[in-house]
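Peer 1: Please read through the structure below; I'll follow up with questions.
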Amino acid sequence: MQFQGQILKMTSFDGKPIQYYLNLSGDLIHMNELIGKELTIKHSGFQCVNCGENKVIYRMGFCKNCFFESPYASDTIIRPELSTAHLGIAERDLEVEKEIQLQPHTVYLAYTGDVKVGVTRNTQVPTRWIDQGATFALPIARTENRYEAGMIEVALKQHIPDKTSWKKMLQDDLEDDVDLADFQRKIKEYFPEDFQKFYSEGENMWRFDYPFERPKKVSSFTLDKKPEFRGRLTGIKGQYLGFEGGDFINVRGHEGYVIDLSIHK
């Protein structure tokens, strides 16, 4: 069986275990059903997620021109504290930025091998946590816009990480629950005074079950360095496909790549 198309990040549905679908130009391939099967992934070109042209992907699925011009790749996507839509000030396209920034956001703690802090739009709960490979996640603040959430994150990341270590996430063998609520109480004092009103206590903690078993070793590969790869799919966590022998590919990191995918019997 063969498929061909542009990679977009995997679509996921929370369940026991989480269900994953590889998005190739809109065709959704149920990856859970392919665990145990041998796959060949062959890189055959590019398709920018913005302009659609066959240009080398620069970052986040965008070609270089689009990365520096599209409002969907602006600095506020990565650094929400830079948001200015609430002031009516445009960065690249005010209408798009209002749509993204002027909506409720959640500041959260997540366990991805370590406890980290992060920000997401409410509409991206729990997808954001699944994409990061979080075992546990706990909302700790609810804000009215992206700027407010970003300012809380900036203060908290002086004390806890805001990045996920992909190796720790994939190699984590945690068996006992992590008490994120206790962690939240300990860091409450670091909330900026003007943003204390957004602090949210008593939220339900989320726990996620991945179709995945911790490998003995992990190594990542990219289609830039290995344009053709063949291996047996053994598990999925976050946006990573894991193969026999500990080889992993970050699907989201390859958005905009065009591939031929072969499924062997």
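Peer 1: Anything in the range 1-18 that is touching a residue at least 24 places away in the same chain (Cβ under 8 Å), under 14 Å from Gly133 (Cα atoms), of a type outside the set (Ser, Thr, Tyr) and not in a loop (DSSP other than H, G, I, E, B)? List them, or say none.
Peer 2: Passing the criteria: Lys9, Met10.
Peer 1: Restricting to strands (runs of 3 or more DSSP E) lying wholly in the range 177-265: which have 3 or more residues that are in contact (Cβ under 8 Å) with a residue 60 or more places away in the chain and more than 30 Å from Tyr147 (Cβ to Cβ)?
Peer 2: 228-237, 240-243, 257-264
Peer 1: Related question: Let me spell it out: the conditions are (1) surrounded by fewer than 13 Cβ atoms within 10 Å (Cβ to Cβ); (2) at pLDDT below 95, and Thr164 meets all of them except one. Which number is the exception?
Peer 2: For Thr164, the failing item is (1).
Peer 1: Moving on. From the list Lys64, Lys98, which residue is touching a strand residue (DSSP E or B) at 6+ places or on another chain (Cβ under 7 Å) and of a type in the set (Lys, Arg)?
Peer 2: Result: Lys64 is the single residue among Lys64, Lys98 that is touching a strand residue (DSSP E or B) at 6+ places or on another chain (Cβ under 7 Å) and of a type in the set (Lys, Arg).
Peer 1: Being surrounded by 16 or more Cβ atoms within 10 Å (Cβ to Cβ), of a type in the set (Gly, Ala, Ser) and out of contact with any strand residue (DSSP E or B) (no Cβ under 6 Å at 6 or more places or on another chain) is the filter here, so list the residues in the range 227-245 that pass it.
Peer 2: Across the range 227-245, the qualifying residue is only Gly238.
Peer 1: Cβ-Cβ below 7 Å, separation at least six or inter-chain, first residue in the range 84-95 and under 12 Å from Tyr147 (Cα atoms), second outside any helix (DSSP H, G or I): which pairs?
Peer 2: Correct list of pairs: Thr84/Glu91; Ala85/Leu102; His86/Leu102; His86/Asn145.
Peer 1: A further question on this structure: If only one of Lys157, Lys168 is over 17 Å from Asp75 (Cα atoms) and touching a strand residue (DSSP E or B) at 6+ places or on another chain (Cβ under 8 Å), which one is it?
Peer 2: When all the criteria are applied, what remains is Lys157.
The values are calculated or read from the model by the stated rules, or taken from the named source; none is laboratory data. What you see is a predicted model, and the numbers here were worked out from it, not measured in a lab. Using ideal geometry, Cβ is built from the backbone for each residue, glycine included, and neighbour counts are taken over all protein chains shown.
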